[in-house]
């Protein structure tokens, strides 16, 4: 995955440079899930940040837990090609089981462009962000006033949820405005990962949907 990142810096308390390509190979083979804990944690961080994707097949880790393949998770979720592409802005080149990995697939009459992968120049559809209903928003009524202010000026509400397994605040949600220059996120499409805004460290908060409906 050299087109994603040649290097990756690990946690802020170290200057070690991590090769994302090498870790992708460890993920593909499943070796990283059988090695020391630090290797597995680094692989997970690379998946979370979109610099690597899950392997082509699933593997069991050292404790017997199953780590799914990239095709076994929902498109747009952690570890999927769509997640990595949206988070980084790069195109993930994946090896296809239907061809030679270069877009060349035998059809009985020679070699033709593969119809199963992007190497064969087949366009891919990336899942769009989920549009939430009022009920799915799950916003406390005491915050309706500020949310309605965002909606009235034309901004949307991006909903992020802490999905970090084992985190004491797993399941908690954060709501931020996006769209205009007055919004917390000055972008037409909110990022998959909530940036560190408002002097807060928001690691672990992933986008679950947006709301642009009627006033609350």
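The values are calculated or read from the model by the stated rules, or taken from the named source; none is laboratory data. Not measured: the values here are computed from a predicted model. Glycine gets a Cβ as well: all are built from the backbone with ideal geometry, and neighbour counts include every protein chain shown.
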With the condition kept exactly as written, say whether any residue in the stretch 33-42 is part of a helix (DSSP H, G or I), crowded, with 19+ Cβ neighbours inside 10 Å and modelled with pLDDT of 90 or more. yes
Answer with yes or no whether residue 207 is in the same structural domain as residue 142 (by TED's automatic domain parsing) and out of contact with any helix residue (DSSP H, G or I) (no Cβ under 6 Å at 6 or more places or on another chain). yes
Out of (1) in contact with a helix residue (DSSP H, G or I) (Cβ under 6 Å, 6 or more places away or on another chain); (2) at pLDDT below 80, the one residue 108 does not meet is (1)
Quick one: count up the residues across the stretch 187-211 that are more than 15 Å from residue 162 (Cβ to Cβ) and surrounded by 14 or more Cβ atoms within 10 Å (Cβ to Cβ). 5
Find the residue count for the stretch 48-67, including only residues that are under 24 Å from residue 192 (Cβ atoms), in contact with a strand residue (DSSP E or B) (Cβ under 9 Å, 6 or more places away or on another chain) and in a loop (DSSP other than H, G, I, E, B). 7
In the stretch 2-32, which residues are in contact with a strand residue (DSSP E or B) (Cβ under 6 Å, 6 or more places away or on another chain) and at pLDDT 85 or above? 30
